[in-house]
Amino acid sequence: MPGVPFVYAGDELMQMTDRSLLSKDGGYHRTGVRTPMAFDDEVGRGFTSNVKKSYLPLDERTISVKKSLEDEGSLLNLIKLLIKLRKENHDLEDRDFKLLDKPFAYRRGKIIVFINLLDEDQSIEVKTGDVLYSTSKYEVVRGKIVIAAHQAIIYKEV
């Protein structure tokens, strides 16, 4: 979609904002607090060696960066893959896009991004090309890609 994609620090670990803590960043008690990043699973989570003087409490529930990097299916590794795809495919950097006639599909140059938000399989017409990324199995049937409910695909036409 238009604009620059962004990920808030900690999103890639599925880290949550702790709304029970008072805001330390000028949110005036509306925003809650994002606790320090969990880099590893040692005392201080790789963020500090002085746990007693930490600015904020450490989140012991969030998976660490170290474990996320080791897990091929982690959100962190998915984000890294999507960034790599964007850098390798200049059409994804283009500001021009066209919304397609689907619940959530758009085209940028020769690339189609199709996210099926419905509870049933959906199809989209495509020309010959390659799947750059898919969240699950898909079918190509007579010039159409069929994807399952709540799945996504990035397709590049040749």
| query | Could you give the nm distance between label points at Ser54 and Asp130, where each point is 7 Å from its Cα heading toward the beta carbon? | reply | 4.4
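Taking the Cβ-Cβ separation of Val43 and Leu21 as r and a Förster radius of 22 Å, what is the calculated FRET efficiency to the nearest 0.05?
0.60
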| Only Lys, Arg (+1) and Asp, Glu (-1) charged, at Cβ; region 9-158 dipole about Cα centre in debye | 420
| task | Would you mind checking region 143-158 for residues with the amide N under 16 Å from a putative spin-label position 7 Å along Cα→C-beta of Lys84? | result | 154
| message | With an 8 Å Cα cut-off and a minimum separation of 6 or more residues, compute the relative contact order for region 53-108 in percent. | response | 16
| In degrees between 0 and 90, to the nearest 10, how far off the longest principal axis of the chain does helix 75-88 point, with axes built from Cα atoms? | 50
| request: Just need the relative contact order of the chain here, percent rounded to a whole number, with Cα pairs under 8 Å and 6+ apart. | output: 15
| message | Give the separation of the Cα centroids, region 55-70 to region 100-123, in Å. | response | 34
| Hey, rough spin-label estimate for Ala148 and Asp11, points 7 angstrom out along Cα→Cβ, what's it come to in nanometres? | 2.6
| task | Please calculate how many Å² of accessible area the chain carries per residue, with a 1.4 Å probe and no DNA, RNA or ligand atoms counted. | result | 69
| So which chymotrypsin sites (Phe, Trp or Tyr not before Pro) in region 61-129 end up in coil per DSSP with only 16 or fewer other C-beta atoms within 10 Å? | Phe97, Phe104
| message | Let me see the P(r) profile for region 64-135: every Cα-Cα distance counted, bins of 5 Å, each bin given as a percent of all pairs. | response | 3, 13, 20, 21, 18, 13, 8, 3, 0
| note | Cβ-Cβ cut-off under 13 Å around Ile63, Lys and Arg +1, Asp and Glu -1: the net charge is -4
| query | Mean residue ellipticity at 222 nm from the helices of the chain, using -39,500 (n - 2.57) per DSSP H segment of n ≥ 4 over the full residue count, to the nearest 500 deg cm²/dmol? | reply | -3500 deg cm²/dmol
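The values are calculated or read from the model by the stated rules, or taken from the named source; none is laboratory data. Bear in mind that the values here come from a model prediction, so they are computed numbers and not experimental data. Backbone-built Cβ (ideal geometry, glycine too); neighbour counts: all protein chains shown. Surface accessibility is based on the protein's heavy atoms, side chains included, excluding ligands, DNA and RNA. Shrake-Rupley method; radii C 1.70, N 1.55, O 1.52, S 1.80 Å.
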